[in-house]
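Read the structure below first, then the notes.
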Ligand SMILES: [Zn+2]
């Protein structure tokens, strides 16, 4: 499976796609309302098949709803059902049930086998109309789904999921394993002692975003000026996002070139957010790990996670002595048992590496140790 994203040409014809997405949003909200009412009356979950047949019946009498193809409607029902299943499974962990969405903010519409046709070159027929897209790469393999997306800027994208068996396998072995510790000032600390500083794109652009946001809030609601200010603000946010993603991809490639096995702690994002505040969303560890996993899979490398409750910071990586407590502010400490001196993050990275190595049953990979022994 592979996901390809193409931008559609800006054209006034795009308004029809936007109308389709709006209709999908209306249907979505209707489904949510039905779910809620059904639960109020019968005290149980409305099952997906029942909802689908009911919505299909309603759709026959409603020309606006017919803008959305029958399969796309089914997809909406399934999406909602999925969200409810997640909620039933994890509601104790704080997962909320799906809620109403503003139609204006409803983002996408998914087509499966029907409702589109590729007409060669860069043209695609969606519904009854032909659209053009920037064909930045070839579409190879069998197309599974097509999702039409609109961004907050009003730009339209087409996201295609293809199933291609022929995955190019790049294999280069380094025979090295490394542990990594996420941090605030230093994005990643590697067990071999290298540090990768976080670029903090958001911080650099924060003033610009603040200004744009202030501008936006001062404009009269519903005015053209406000809309222009909103777009400006969105552009600033997107800019940060793109820069960050680009940096993540490059970093993921550098790391997977250097090591065969990469060990991380599973993230306790909620806890980290509470501890560190806004900064964590700036760093977006979760997004980085997703990208890294993808790159690792391509290059036949391994990403290993160790339990987040393992005391990686408090354990001495030389003798295994575990401290009772270690305040977050303490960056360096001396082990009371073996008297070795540790940098907080480096020590944690070394421990993560060791635990990771033991969980995969270390074969022919050797530990990436610093050149100078401490
Ligand atoms: Zn020690």
Item to complete: Please give the helix 48-60 orientation as an angle from the longest Cα principal axis of the chain, in degrees from 0 to 90, rounded to the nearest 10.
Response: 30 degrees
Discussion item. Roughly how far apart, in whole Å, are the Cα centres of segment 308-336 and segment 1-47?
Written reply: 50 Å
Fill in: Difference of contour (0.36 nm per residue) and Cα-Cα distance, residue 174 to residue 128
11.2 nm
Fill in: Distance between modelled label sites at residue 214 and residue 250, nm, 7 Å Cα→Cβ extension
3.1 nm
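Peptides 50-63, 143-156, 175-188: what's the order by average Cβ count within 10 Å, highest mean first?
Highest to lowest by the protection proxy: 175-188, 143-156, 50-63.
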Discussion item. For the chain, what does the helix formula give at 222 nm: sum of -39500 (n - 2.57) over DSSP H segments with n ≥ 4, over the residue count, nearest 500 deg cm²/dmol?
Written reply: -14500 deg cm²/dmol
Practice prompt. For a footprinting-style exposure proxy, rank 247, 134 by other Cβ within 10 Å, fewest first.
Written response: 134, 247
Worksheet entry | At R0 = 22 Å, FRET efficiency that the Cβ-Cβ distance of residue 194 and residue 243 yields, to 0.05 | 0.50
Worksheet item: Considering every pair of different Cα atoms, what Kirkwood radius, in Å, is found for the chain?
Response: 24.5 Å
Worksheet item: With the chain treated as a Gaussian network of Cα nodes joined by springs under 10 Å, which of 287, 138, 265 yields the largest mean-square fluctuation?
Response: 138
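Every number here is computed from the coordinates shown, using simple stated rules; none is lab data. As the structure is a computational prediction, the values presented were derived from the model and not from experiment. Methodologically, a virtual Cβ is constructed for each residue, glycine included, from the backbone with ideal geometry; neighbour enumeration extends over all protein chains shown.
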